[in-house]
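Here you go, one structure.
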């Protein structure tokens, strides 16, 4: 394919992905109320452990915040629902440069990506209440948490996406070992640099920049790195 043909193919894949997000967002808008209640639960759990709090509900400070929250939740749910289509389109875009044997990995690639992203998302939701409670505890009795819906959703969505995408690390490493760009021997020799890189990434990726949340992200990512080495060695790569 020429450069223009590659760009046309990329454009087609992006249009399909955007259409999938748009269709998924319709479902997100319909499910807005139950999704909003679900997303507020980590905040409720966090403030319920504090000695004093004004309210367990999130607040709004501008007339447009409820509508913006509606849009954010709808688009976020749409992105999650469209993720299988997006990953499949990504795979279809890179398959022309792969061998016939490598192309057969398309379905395992998409399924593995979904499982890893879901694992990262669940892990993020599991630690958010503890992370918020830990951060709120620094205020003591003199500071009372009163979060706006916009700030809270931005924090939560960023954290979920950061964990979901970072959990894709072993799949990327296995893909690179599968096409013989790197080997398990190289991955083992890079352990120290990988540990340092994971810590730096976690420090930058976590929106709170506190050591507690950073370690909660860094530890599982490094364990996934070790898991990728183990799987690569099993396949003798």
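With 47, 85 as the choices, which residue is within 30 Å of residue 8 (Cβ to Cβ), in a helix (DSSP H, G or I) and touching a residue at least 60 places away in the same chain (Cβ under 8 Å)?
Step by step, each of 47, 85 is checked, and only 85 is within 30 Å of residue 8 (Cβ to Cβ), in a helix (DSSP H, G or I) and touching a residue at least 60 places away in the same chain (Cβ under 8 Å).
Pick from segment 135-144 the residues that are surrounded by fewer than 17 Cβ atoms within 10 Å (Cβ to Cβ) and in contact (Cβ under 8 Å) with a residue 60 or more places away in the chain: which of them is farthest from residue 157 (Cα to Cα)?
Here the answer is 141.
Identify the residue in segment 182-222 that is modelled with pLDDT of 75 or more and not in a helix (DSSP H, G or I) and, among all such residues, is nearest to residue 232 (Cα to Cα).
Selected residue: 183.
Let me ask something else about it. Being within 15 Å of residue 155 (Cβ to Cβ), surrounded by 15 or more Cβ atoms within 10 Å (Cβ to Cβ) and at pLDDT 85 or above is the filter here, so list the residues in segment 46-71 that pass it.
58, 65, 69
Does segment 102-113 contain at least one residue that is at pLDDT 80 or above, out of contact with any strand residue (DSSP E or B) (no Cβ under 7 Å at 6 or more places or on another chain) and surrounded by 14 or more Cβ atoms within 10 Å (Cβ to Cβ)?
Within segment 102-113 (the criterion being at pLDDT 80 or above, out of contact with any strand residue (DSSP E or B) (no Cβ under 7 Å at 6 or more places or on another chain) and surrounded by 14 or more Cβ atoms within 10 Å (Cβ to Cβ)), the answer is yes, since at least one residue qualifies.
The values are calculated or read from the model by the stated rules, or taken from the named source; none is laboratory data. All values reported here derive from a predicted model rather than from experimental measurement. Don't worry about glycine lacking a Cβ; one is built from the backbone with ideal geometry, like all the others, and counts go over all protein chains shown.
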